[in-house]
Structures are given as C-alpha cells and as structure tokens.
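> Below you'll find the structure I mean.
The values are calculated or read from the model by the stated rules, or taken from the named source; none is laboratory data. The structure displayed is predicted, hence computed values, not measured ones. Cβ atoms come from the backbone with ideal geometry, glycine included; neighbour counts cover every protein chain shown.
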Amino acid sequence: MVSLHVRMAWRNIWRNRRRTVLTLSAIAFATVLLVFMLSFQFGSYDVMINTAVRIHTGHVQVQARGYHENNDIRLVVTNYQMIGDRIKTIPSVQAYTYRANAFSLVSSKNRTYGAIVTGIDPPREAAVSTTASTMRQGVFLSEGDFNQTVLGELLAANLKVTVGDEVTILGQGRDGSIAATVAEVKGIYRSGQDEFDRGSLQIPLAFFQEVYAMPDAVHEVVAVCHSLSDVDTVKAILIADLATITSPYSLVVLGWKELMPGLAQGIAIDLVSGIIMYLLLVFVVAFSILNTFLMAIFERTREFGVMMAIGVSPNRLARLLFLEAILMTALGVLIGIIGGSLLTWYFQIHGITLEGVAEIARQYGLSSTMYPRLTLVTASVGPAAVMVITCLSALYPTLKVRKLRPVEAMTYV
Amino acid sequence: MKTTFAILVVAFVILLVSGRPSAEVPPADDIVRRSFDYMRGKASTAIVNMTIHRPDWERLMRIKVWTKGETDSLFTIIAPAKDADNATLKKGREMWMFNPKVNRVIKVPPSMMSQSWMGSDFSNNDLAKSDSIIHDYTHTITGKETVDSVTVYSVTSLPKPNAPVIWGMQKLKIREDGIYLREEFYDEDLRLVKALTFSDLQPLGGKLYPRTMKMEQADKPDEYTVVTYDELEFMETLPDSLFTLSSLKTPRR
C-alpha cells in the first residue's frame, strides 16, 4: 500500500516536469541561501570574536577569584609559570601569555591622564594578541626591553608624545608603595577599539613587576585556542588542572563570554535579527510553494474527479497529495543542502574577499577575506525550517481536495 | 529627577524637624564654620601616622603635613623609606604630586580626582575639596544631644544648587566647642558611602583635639584608614613659599 502511494506520488510529480522543476528550484534556492547565509553569519561571528579576543582578552584566562570584578592589584596569580607549563600541554591551545595590570597616572611634560598599565611578556604577547601587528609608529616591545613602552594612539595624542619621548607612570604598587617610573615610548598602536587605544599602555612584564612591587606574580594567564569551538574544552581541562595546583589565592578560569559579556550579548542580538530575516525568507518561499500547489490542484481537478469516481476515497486522495508535497519538498531541500554545502565549502576554503575594505580592515587587525563556517547546525537548521513550513503550506490545498465532488470535478475545465 | 526629588523630600523633613528653633542654638552655618576653623586653625604643622587596613594586609605611613588658610596643604611622606619624600601639594582645588625617584611633578587631572590618595580610603577629592563643606553646602541642625555633659549638634548639609560638589549630602556631628565627632558622606541617591569618625580627644597643639580619625567605607566593613596625630602645632601663619611647586620638589625630612 505504502509503496504504491509513493510510486503514484512520484509519478504524479514528474507528470508535469516544468512545474515540478520550478517548484523544486524555489525550494532548493531558498535552502541554498539559508545554508550559505547562516554559515556566513556564524563565520563572521567567529571572526568578530577572534578579533576582539586577539586585541585584548584571549579566549581563556586564569585569574585570582574576584580579580575580574574588582581589578584589585592584590589578587595575583603567583605560580603562573607552572600554569603556563600546563597550558602548553593542551593541544588545542595555540598560544598563551602572562599579563599584569595596574591603573595609573600617565604623564608627559604637560599632560596627565589615567590609563591601565599592562605588563606583558613581549614574545609571548606577540603570539597571542594583534597589538604587535597594529603598530602605527615605531615597533612593538621585544625580549630584553626594560624601561620602554608602547601605548595606544589616542593616549599618545592626548599626551602629545611620539616615539622616543618619555612618559612618567605614577601609580600604586602591590604592597601599597608608590610605583613611579619613566619609560621611553618605543611604539604606538591602533587596535581600532577606541577605549583600548585611549586608555592603555604596555610595558615589559619584568619592568612592571619591579615598578609595581609584585615579583613573581601576574594578574592574568591568557590563552588563545586554535578554534573558538575548543574554548569550552580548554576551560574544562584548566579547571581540572587548577584543582591540583595549590595557590595562595583561589584561582578561576574565565572564558571570553565572561571576559567580554558585551560582545556575547551583541552577537545574541545580531543572531535574533538574522533569524527574523531568515524566517521572512522562509515565509516568502512557503507562499510561492503554496501557490504552485494550489495551481496544480486547479489544473488537476478533472483527474481528481475521475479518481474519486472510480472509488478513491477523499482521505486517500488527500494523503496521496500530501505525500507528493513531502516528496517534492524533501527532494528540493536535499538538492539545496547539497548545493548550499558545496557553495559554502568552496568559500570556506577560498574565502570571500571584500574588495576595497582591505586597507581599513588591516588597520584593525582584521582580514578583508571572510570565511563562512559550515557546521551541522548551519547546514540543517535552515533546511529543516523550509521543510516544516513548506509541508504546512501544502496542507491547505490537500485539505481542499477533500471537498471536491466527483461529478462536478469531472466536468471542471 | 529622582535625585532632585529625594533631596526635596529630605529637605522637607529637615524643615519639619528644625521648624522649632530654640533661642540658645546658634545658626547651623556658624557651627560648621566655627568648627572648620577650630579643626584647621590659621596654619599648622603636624606629623601623622596613617594606617591603611585591608582584609589581608595593612600598611603604615608616616606623613608630615603643613596647612595654611582654608585650602593650602602640603603632605610629605617620611616613612616607609621606600616612599620617603613623595609629596602632594594642594592649592585651591588643584593637586600636584611629586615623586623623587623620577624627579617629576604630576598635576592630578580632574578625571583622577575621585581616585584614592596614596591607596588610602581618602580620595584626592577628600583632600582637594576639604573646604567644600563651608562653601558649597547649606546646613541645618537636625538634632542636639548631650554627651559627657557637652552639647553635640547633628547637622545635615545639602549642596547648594549648581555647587561643584561630590556628595549628595553630608551629615555632621559637631561638639559645641567645635570638635568634629563624625562626618558622613552620602552619594546623590542619599546612600551612605563612607564615614569619618574622630575620637581620642586630648590636649594637642594647645587645644582639645581628636587625636585619631578613621575613614570607613560603608559597604566594606573590613576596609578603613586610621590617621593618628603624633605631633600637631598651630601657628598664626606659614610662608607662602612653602605652598609652591618648587617647594614641593624640595626634600624636607
């Protein structure tokens, strides 16, 4: 019985090739679009997150509990090298570094501003953050540098300093003593994030530890992963590792979502607006398919009349028609998934270069080539939505068929 | 809007409470002014010990202080040795800091005035705007009690319109002889932020004076700063040259 229905439905579909091909194209096109755009959207989120993470926070950080909330200079990680050695052994970690921060007065000859002074380990930092690649003037710090500094472009402009000038740093050390020093400007960076460029200054970690009286201590152990999807795994491994490390301050592992809650929320909002757009697209497709089905039924009214006259029950006829719709949709969605995945896959490998933005993108440490990211989710969510909505829209003509009367239907022209 | 309303309500309550003036109570402005003069004198020198207490550590500093008139002050750290000769000059409502290690004078920018001074619970503003209480606020007596046979006035001070103040309200407890007992600082939503308590009254600098003051954060009971006077001397005047940028740079241990 079932196979007979399927065979009949399949034959019915191909009795009017042109109509079927048109309907199939509409479904397949919508599916391709959904797969590609969803993949592209998720791919661009990855780029956004990775860019933001690369400027500043890293994917994962180990800190003393409470440091992220209070930025209290007292809350340090003392055995940071030990933690670094553990991180090194995690395969999905690409690079890691150590940082220490202190809010201080930064002063040139005539001007003074408040800024976050960060002690960094130059070679490790260059592997973790993009700061080194966004230098506008001078060069980034290198190993062996001591009383030298790189600072944000806006801070440099506010202070009216340029490469080779001196800045005075006046803050408070970890022991409460006065931390004061003079550092020579070695370079000026522009990350593109104004807040960072206006309020940050970097000095070598060894220099920081001496000035701020915190030998053998840092505030953050920062790690970046090969891929965003590794973050949760790395976090879990680190949490397990930390349980075996004793430390004077209780340590916590924070992921990028906790470190940059604003970014995670921004992405959530963007995703919602994206979903609304996709739903509209799916609805438009659904209406066009509804139209096709409806027209087909008007065309085939005579045929249905004959079928009912030779004893096919209205229910059975409805089931047959619904099966046709499902078969057609499934076929269209399948073609769409294959086509969409191939398209996405091609661009995932070759990238989409946005002409004309290369210069701007480079300034912000971004690449002008975007890569969509095909995942099981992006390849299935859109098609599933098309499938469901199309089948729903096929219900209406199917139910309409049940109201046909054989004699009237047969005389219908 | 909310803040304005809250201030209005408080002002109204204060009006109700203080609606029955009695003859022997001096005007609130006089009490505050007299007390400010009593505590600050015309000019003074002092050596104080400042203890900064935090839950897991404590820090002691010894500081020499010169003051003149309502606004001018000079602070030099004497100990610990590591920080010796670091100095702060306050003139009018501006502040400069000097560090001997880098041999530079840094003017504290307006954006940094709310930051802590030397890591203590006193902010730069607490020092810079110490005379704010007599110029920028209107005072109302809200209570009167007798402690150890001395009358203690409770004064509520609300900022004058458009005055450049940092606090939404201050509450003072002042003895009739002018000695401060307590100063509470409220934010613009009239929540207590911190409180300065004066205690340990004894003859000091030729008059009865609270030897100890303690600044406490309202929301962090385990964080406070205690300042104890070791030496205090009042005088008619001090040379103007003492309160200059060049004087700030001169070591004077």
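> Out of A:I297, A:I289, A:I267, A:I276, which single residue is in a helix (DSSP H, G or I), of a type in the set (A, V, I, L, M, F, W, C) and free of Cβ contacts under 8 Å to residues at least 60 places away in the same chain?
Among A:I297, A:I289, A:I267, A:I276, only A:I276 is in a helix (DSSP H, G or I), of a type in the set (A, V, I, L, M, F, W, C) and free of Cβ contacts under 8 Å to residues at least 60 places away in the same chain.
Residues are listed down the side, and each one gets a yes or a no for (1) exposed (fewer than 14 other Cβ atoms within 10 Å of the Cβ); (2) modelled with pLDDT of 85 or more; (3) under 24 Å from A:I275 (Cα atoms):
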{"site": "A:R362", "(1), (2), (3)": "yes, no, no"}
{"site": "A:G365", "(1), (2), (3)": "no, no, no"}
{"site": "A:S368", "(1), (2), (3)": "no, no, no"}
{"site": "A:T390", "(1), (2), (3)": "no, no, yes"}
{"site": "A:S393", "(1), (2), (3)": "no, no, yes"}
{"site": "A:K400", "(1), (2), (3)": "no, no, no"}
{"site": "A:K403", "(1), (2), (3)": "yes, no, no"}
{"site": "A:A409", "(1), (2), (3)": "no, no, no"}
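> Show the residue pairs meeting these rules: Cβ distance below 8 Å; 6+ apart or different chains; first residue within region A:384-413 and of a type in the set (V, I, T); second residue loosely packed, with under 14 Cβ neighbours inside 10 Å and assigned to a helix (DSSP H, G or I).
Every condition considered, the pairs that remain are A:I389/A:F283; A:V407/A:A309; A:V413/A:R302.
> Take the residues in region B:56-74 that are within 11 Å of chain A (Cβ to nearest Cβ) and in a strand (DSSP E or B); name whichever of them is surrounded by the most Cβ atoms within 10 Å (Cβ to Cβ). Break it down into steps so the answer makes sense when it comes.
So in region B:56-74, the residues within 11 Å of chain A (Cβ to nearest Cβ) come out as B:56-61.
From what is left, the residues that are in a strand (DSSP E or B) are B:57-61.
Working: B:W57: 11, B:E58: 11, B:R59: 18, B:L60: 13, B:M61: 25.
Checking each candidate, the answer is B:M61.
> For a quick check of your reading of the model, give me the residue pairs whose first member lies in region A:87-114 and is within 14 Å of chain B (Cβ to nearest Cβ) and within 30 Å of A:H59 (Cβ to Cβ), whose second is buried (at least 18 other Cβ atoms within 10 Å of the Cβ) and among the small types (G, A, S), with beta-carbon atoms closer than 6 Å and at least 6 apart or on different chains.
Pairs found: A:A102/A:G171; A:S104/A:G171; A:V106/A:A115.
> While we're on this one: Determine which member of the set B:M112, B:M97 is closer than 21 Å to B:G168 by Cα, within 13 Å of chain A (Cβ to nearest Cβ), hydrophobic (A, V, I, L, M, F, W, C) and over 17 Å from the mean Cα position of the chain (by Cα). Steps first, answer last, please.
Values: B:M97 fails: closer than 21 Å to B:G168 by Cα.
None of the others qualify; the one that does is B:M112.
> If I filter region B:9-21 for residues that are basic (K, R) and modelled with pLDDT of 85 or more, do I get at least one hit? Show your work before the answer.
The initial filter retains those residues of region B:9-21 that are basic (K, R), namely B:20.
Next cut, modelled with pLDDT of 85 or more only: none.
Looking for residues that are basic (K, R) and modelled with pLDDT of 85 or more, one finds none in region B:9-21, hence no.
> Among the listed residues A:I169, A:I203, A:I178, which satisfies the condition of being of a type in the set (A, V, I, L, M, F, W, C), crowded, with 17+ Cβ neighbours inside 10 Å and under 21 Å from A:H68 (Cα atoms)? Reasoning before the result, please.
Working: A:I169 fails: under 21 Å from A:H68 (Cα atoms); A:I178 fails: under 21 Å from A:H68 (Cα atoms).
On inspection, the qualifying residue turns out to be A:I203.
> Mind checking which residues of region B:81-114 are part of a helix (DSSP H, G or I) and under 14 Å from A:S177 (Cα atoms)?
As a first pass, look at region B:81-114 and keep what is part of a helix (DSSP H, G or I): B:81-83, B:110-112.
Result: B:A81, B:K82, B:D83.
> Here's something else I'd like to know. Mind checking whether some residue in region B:194-201 is surrounded by fewer than 16 Cβ atoms within 10 Å (Cβ to Cβ) and either farther than 19 Å from B:N49 by Cα or in contact with a strand residue (DSSP E or B) (Cβ under 8 Å, 6 or more places away or on another chain) (or both)? Even if it seems obvious, please write down each step before you answer.
Applying the first criterion (surrounded by fewer than 16 Cβ atoms within 10 Å (Cβ to Cβ)) to region B:194-201 yields B:199-200.
When the remaining residues are screened for being either farther than 19 Å from B:N49 by Cα or in contact with a strand residue (DSSP E or B) (Cβ under 8 Å, 6 or more places away or on another chain) (or both), the result is B:199-200.
Within region B:194-201, one or more residues are surrounded by fewer than 16 Cβ atoms within 10 Å (Cβ to Cβ) and either farther than 19 Å from B:N49 by Cα or in contact with a strand residue (DSSP E or B) (Cβ under 8 Å, 6 or more places away or on another chain) (or both).
> Let me ask something additional. Six or more apart or on different chains, Cβ under 7 Å: which pairs go from a residue in region B:234-253 that's in contact (Cβ under 8 Å) with a residue 12 or more places away in the chain to one that's outside any loop (DSSP other than H, G, I, E, B) and aromatic (F, W, Y)? Could you list them?
B:L238/B:W66; B:L242/B:W66; B:L245/B:W96; B:L248/B:W96; B:L248/B:F98; B:K249/B:F98
> Output the residue which, of all residues in region A:16-53 that are over 19 Å from A:S229 (Cα atoms) and of a type in the set (S, T, N, Q), is surrounded by the most Cβ atoms within 10 Å (Cβ to Cβ).
A:T31
> Could you check region A:7-34 and list, in sequence order, the residues that are farther than 30 Å from A:T378 by Cα and touching a residue at least 60 places away in the same chain (Cβ under 8 Å)? Full working, then the answer.
Going residue by residue through region A:7-34, those that are farther than 30 Å from A:T378 by Cα are A:7-9, A:11-12, A:14-18.
Within region A:7-34, A:M8, A:A9, A:N12, A:N16 meet the criteria.
> Moving on. Can you find, within region A:131-149, the residue that is surrounded by the fewest Cβ atoms within 10 Å (Cβ to Cβ) among those that are in contact (Cβ under 8 Å) with a residue 24 or more places away in the chain and among the hydroxyl-bearing types (S, T, Y)?
Out of the qualifying residues, it is A:S133.
> Also, quick follow-up: With the condition kept exactly as written, say whether any residue in region A:90-99 is over 16 Å from A:P261 (Cα atoms), outside any helix (DSSP H, G or I) and over 28 Å from the mean Cα position of the chain (by Cα).
Narrowing region A:90-99 to residues over 16 Å from A:P261 (Cα atoms): A:90-99.
Next, only the ones that are outside any helix (DSSP H, G or I) stay: A:90-99.
From the residues that got through so far, the ones that are over 28 Å from the mean Cα position of the chain (by Cα) too are none.
No; the residues of region A:90-99 include none that is over 16 Å from A:P261 (Cα atoms), outside any helix (DSSP H, G or I) and over 28 Å from the mean Cα position of the chain (by Cα).
> Just one of B:I52, B:I77 is at the interface with chain A (Cβ under 9 Å from one of its Cβ atoms), under 21 Å from the mean Cα position of the chain (by Cα), surrounded by 20 or more Cβ atoms within 10 Å (Cβ to Cβ) and more than 19 Å from B:L245 (Cβ to Cβ); which is it?
Working: B:I77 fails: more than 19 Å from B:L245 (Cβ to Cβ).
Result of the check over B:I52, B:I77: B:I52.
> Follow-up question, since we're still on this one. Return the residues of region B:88-111 that are more than 12 Å from B:N125 (Cα to Cα) and in contact with a helix residue (DSSP H, G or I) (Cβ under 7 Å, 6 or more places away or on another chain); say none if nothing qualifies.
Residues satisfying the conditions are B:L89, B:K91, B:W96, B:F98, B:V105.
> Is it the case, given these coordinates, that B:T197 is within 19 Å of B:I63 (Cα to Cα), among the hydroxyl-bearing types (S, T, Y) and out of contact with any Gly (no Cβ under 8 Å at 6 or more places or on another chain)?
Taking the combined requirement at face value, the residue does not satisfy it.
> Considering (1) out of contact with any Phe, Trp or Tyr (no Cβ under 9 Å at 6 or more places or on another chain); (2) away from chain B (no Cβ under 14 Å), say which one A:T131 fails and leave the rest.
The one condition A:T131 does not meet is (1).
> Here's a check for you: in region B:80-94, which residue that is surrounded by fewer than 19 Cβ atoms within 10 Å (Cβ to Cβ) and not hydrophobic (A, V, I, L, M, F, W, C) is nearest to the other protein chains (Cβ to nearest Cβ)? Spell out the reasoning first.
We begin by selecting, within region B:80-94, every residue surrounded by fewer than 19 Cβ atoms within 10 Å (Cβ to Cβ); these are B:80-82, B:84-85, B:91-94.
From the residues that got through so far, the ones that are not hydrophobic (A, V, I, L, M, F, W, C) too are B:80, B:82, B:85, B:91-94.
On the way: B:P80: 7, B:K82: 5, B:D85: 10, B:K91: 16, B:G92: 17, B:R93: 16, B:E94: 12 Å.
Among them, the one singled out is B:K82.
> Which of the numbered conditions does A:G192 fail, given that it passes all the others? Conditions: (1) surrounded by fewer than 22 Cβ atoms within 10 Å (Cβ to Cβ); (2) in contact (Cβ under 8 Å) with a residue 60 or more places away in the chain; (3) closer than 24 Å to B:N103 by Cα.
(3)
> Condition check: closer than 30 Å to A:V386 by Cβ, modelled with pLDDT of 85 or more and out of contact with any Asp or Glu (no Cβ under 6 Å at 6 or more places or on another chain). Does A:A240 satisfy that?
Here the answer is no, as A:A240 does not meet what is asked.
> Hand me the list of helices (runs of 4 or more DSSP H) wholly inside region A:154-250 holding 3 or more residues that are more than 23 Å from A:M260 (Cβ to Cβ) and within 14 Å of chain B (Cβ to nearest Cβ). Spell out how you get there, then give the answer.
Values: elements: A:194-199, A:205-211, A:231-242.
Filter on region A:154-250 gives A:205-211.
> If you don't mind, another one. Would you please list the contacts, defined by Cβ atoms under 6 Å and residues six or more apart or on different chains, that run from a residue in region B:174-191 that is part of a loop (DSSP other than H, G, I, E, B) to a residue that is polar (S, T, N, Q) and surrounded by 19 or more Cβ atoms within 10 Å (Cβ to Cβ)?
Note: pairs meeting the criteria are B:G178/B:S35.
> Same structure again: List the residue pairs whose Cβ atoms are under 7 Å apart, where the first residue sits in region B:101-125 and is within 21 Å of B:A218 (Cα to Cα), the second is aliphatic (A, V, I, L, M) and part of a loop (DSSP other than H, G, I, E, B), and the two are 6 or more positions apart or on different chains.
From residues that are within 21 Å of B:A218 (Cα to Cα), the pairs are B:N124/B:V108; B:N124/B:M113; B:N125/B:M113; B:N125/B:I166.
Here is a yes/no grid of residues against (1) within 35 Å of the chain's Cα centre (by Cα); (2) among the hydrophobic types (A, V, I, L, M, F, W, C); (3) surrounded by 17 or more Cβ atoms within 10 Å (Cβ to Cβ):
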| site | (1), (2), (3) |
| --- | --- |
| A:A309 | no, yes, no |
| A:L317 | no, yes, yes |
| A:E324 | no, no, yes |
| A:G332 | yes, no, yes |
| A:G336 | yes, no, yes |
| A:T344 | yes, no, yes |
| A:G351 | yes, no, no |
